[in-house]
Amino acid sequence: MAFQKKYLPLLMGTAIAAGIFIGGKLSFTDAPDRLFSTNSKKDKLNRLIDYIEYDYVDDVNTDSIVDVTVNGILENLDPHSVYIPKEDMQRVAEEMKGDFVGIGVSFYTYKDTIAVIRAIEGGPSAKAGIMGGDRIIFADGDTLYGKNVEDDVLVRKLKGPINSKVKLTVYRKGEPKLLNFTVKRGNIPISSVDATYMLTDKLGYIKVNRFAESTYKEFRKGIKDLEARGATEIALDLRGNPGGFLGIAEQIADEFLEDDKLILFTKNKSGDIDKSFATSKGDFENGKVFVMIDENSASASEIVAGALQDNDVGTIVGRRSYGKGLVQREMDLGDGSAVRLTVSRYYTPTGRSIQRPYDHGNKDYYDEYLDRVSSGELLDSENIHVDDSLKFVTPAGKIVYGGGGIIPDVFVPIDSSMQNETLSFLLRRGFFGNFVFEELEKDRHLYDDVSRRDFIDTFEVGDDLVFAFQDYLNLRSDSKVTFVAYHNEVKQYIKATLADQLFGGGAFEEVYNQTDIMIEEVMRLSEGAGVDDAGLATE
C-alpha cells in the first residue's frame, strides 16, 4: 500500500521529540526528580530539529526528519526493533486484533473498478445480496472507479463506524440496470486460521498464518471441530507464519502440554527471568501432534515448536525455522505512531536461545535466506550448520541446538517448484487470481451445481485451461512466460484459486495441499513411519 506523509508544523515536530524524550524516560527506572533533567544527547537531537525548522535555507518536513531519525536509531539496535508510522497504525492494529469494521467482501481492483471476488459468508454484504463478480461503482454517491482512485481511498470509503450504513451502487453482469444495496457495516474477521479439515480418518489439519488476538479462539474452535470429526492426531501447519503475540503462542502450546510443563522463559536487560508454564486447560495433551515449520516460520511459531520439542511432545517436521528469539513491546510515541522495541530474549524450556546472530548488520541478517539456498540447507539436512557449544538435551535425551532457529525432528526438503522463479513471479503478481476471475466471469453459473466437496475431490483442470492461462500471460506480460516444466503445478494453482474464489474458507489450502510433500510426510508418520537418528522417516 502506498501512503503519503503530510507536512506538520513545528509544534507537532516538537511534540514528537518531547514524546520520544518523555517516553524514553518513563520506559526505565529514573526517579521523578530526574525525569526532566538535562540529557545532552537528547538535547542535541531536539536542537538540530529546531535549527532545521527555523534556519535551514529550504522548507523541510520535520516530521519526516524525525521518522528517519527514529528508523536510523532502531536500525543500530537489532533487526526486529521497528518504527510504525501513524499512517500504518490502524492497519497494523487491525491485523493484530483480528478484525475490522467494514462491509465484508473480498475484492481487488479490476480494470479500475472494485470487483467483488466473494462476499464473506454471513457478513454484511452477503446478507444484503452482494455476489461474486459484482462491481461496486458508487458508495454513498461517491465514485469508486477510475485510474486515479487509490486502493487506500477505496478501503476508506467502504469502512466506517460499526452499524453505520452505506448505500452501494453495483453493476452485475446480465442485469439490465445498476443495482442498489444498503449495507450495514459490521465487525469483519481477519482470519488467522486459514484452513481446518481432515487429512485422514484420524489426522486433522489446521493452518495458522499468524498469532493475533483472535488466533487462540479460532484455533480452539478448529481443534474442537476436528475432534468432533474423529481427529486423534493434529497436523499443525506453521509454515510461513511470521509470529505475533507471545501470549497467544503460549496458549496454543498449552493445548498440547501437560500441567506445569515449562513453555518458555524470557530474560530482560536486568537479568530478570519470567517463566511461563502450561496450565490445566490443555485439551489435546493425549493426542499426537505434528508441527510443520519452514525457513519462514518465526518468533511465536518457533515458541510453539520449541516448547513441544523441548518437552518431547509431538514431532517437528520440515526445515530449520527462521531464528527469531527476541521479544518486542509496542510503545506509543505520542503522535499516533509507535515503536516496537526489543525488551527481552526468550528461551525454550531446555534453555536455548534460537535467535540468529545479527552482529554483521541488518542487511546480512535478512540476506541469510540466500546463504541457506546457496549452502544447500533447504535440500539436505546435512548442510545445516550447528554449533556444538550450543547443544542442549531434552528430558528424553534428544539433542537439540540453539543459535539459529528450530531444527526439525524430521527434515523435508523444499519442493523445487517453490524455488522456481517463474512460478514465484506468477504468484507474486497475482496472475492466477486475475485469470481465474476472468474465467468465472464468462459464466459463473457453470459451478452452481458443484458442491465444495465434489469440486475438491473430483474436479480436474483440463489442459485447455492451462493453455488459456498461457495465452492470458502472453497478452499481459512484458516478456514471454513459459512454465513447461511445471505444467502440473500450474494446474494445481489454478484449481486451488478457483476453489478459493468459489468457496473460500480454506478451500485453497485443501486443494493445494493434495500434492504437498511435507503433508505427505506427516501422513506417512501418522501411519507409523519411524524416525532415525538423522531425523529421517523410516518404515
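FYI, it's all coordinate maths here, none of it is from the lab. Worth saying up front: this structure is predicted, and the values here are computed from it rather than measured. Glycine also receives a Cβ, built like all others from the backbone with ideal geometry; neighbour counts cover every protein chain displayed.
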**Prompt:** Say R0 is 22 Å: what FRET efficiency, to the nearest 0.05, do Tyr51 and Glu75 get from their beta-carbon distance?
**Reply:** 0.40
**Prompt:** Considering the zone a paramagnetic label at Phe425 would reach in this model (a point 7 Å from Cα along the Cα-to-Cβ line), which residues of the stretch 448-492 have amide N under 17 Å from it?
**Reply:** 469-487, 490
**Request:** Pull up the cross-link candidates among the aspartates and glutamates for Lys147, meaning alpha carbon to alpha carbon under 16 Å and not fewer than 8 places away within one chain.
**Result:** Asp112
**Prompt:** How do Thr394, Thr62 line up, fewest other C-beta atoms within 10 Å first?
**Reply:** Thr394, Thr62
**Request:** Can you put Lys275, Lys391, Lys41, Lys491 in order of Cβ neighbours within 10 angstrom, beginning with the fewest?
**Result:** Lys41, Lys275, Lys391, Lys491
**Asked** Using the Karplus equation 6.51 cos²θ - 1.76 cosθ + 1.60 (θ = phi - 60°), what ³J(HN,Hα) coupling, rounded to whole Hz, does each residue of the stretch 484-501 give in order, writing x for Gly and Pro?
**Response** 3, 6, 10, 4, 5, 5, 5, 4, 5, 5, 5, 5, 4, 5, 4, 4, 5, 6
**Request:** Indicate the gyration tensor shape class of the stretch 334-424 (rounded, prolate or oblate), computed on the Cα atoms with a ≥ b ≥ c the square roots of the eigenvalues: a/c under 1.5 is rounded; otherwise a/b larger than b/c is prolate and the rest oblate.
**Result:** oblate
**Complete:** For P(r) over Cα pairs in 10 Å bins from 0, in percent the list reads (1) 3, 15, 23, 25, 20, 11, 3, 0; (2) 4, 17, 23, 20, 14, 11, 8, 3, 0; (3) 4, 18, 28, 27, 17, 6, 1, 0; the calculated value is entry (1)
**Request:** May I ask you to list the residues of the stretch 443-459 whose amide nitrogen lies under 16 Å from a point 7 Å from Cα along the Cα→beta-carbon direction of Lys111?
**Result:** 443-444
**Complete:** At R0 = 30 Å the Cβ-Cβ FRET efficiency linking Ser64 and Asp140, nearest 0.05, sits at 0.35
**Request:** Rank these for me by crowding, Lys495, Lys281, Lys165, going from fewest to most other beta carbons within 10 Å.
**Result:** Lys281, Lys165, Lys495
**Request:** May I ask you to compute the full-extension gain from Phe467 to Leu179, defined as 0.36 nm times their residue separation minus their alpha-carbon distance, rounded to one decimal in nm?
**Result:** 100.1 nm
**Asked** Can you give the calculated 222 nm mean residue ellipticity of the chain, where each DSSP H run of n ≥ 4 adds -39,500 (n - 2.57) and the sum is split over every residue, rounded to the nearest 500 deg cm²/dmol?
**Response** -11000 deg cm²/dmol
**Prompt:** So what is the relative contact order for the chain, in percent, with contacts set as C-alpha pairs under 8 Å and at least six apart?
**Reply:** 11 percent
**Asked** Hey, what's the Kirkwood Rh for the stretch 193-415 if you take every pair of different alpha carbons, in angstrom?
**Response** 17.9 Å
**Item:** At R0 = 22 Å, FRET efficiency that the Cβ-Cβ distance of Arg220 and Asp260 yields, to 0.05
**Value:** 0.60
**Item:** Hits among lysines - C-alpha to C-alpha of Lys42 under 19 Å, sequence gap 8 or more where chains match
**Value:** Lys25
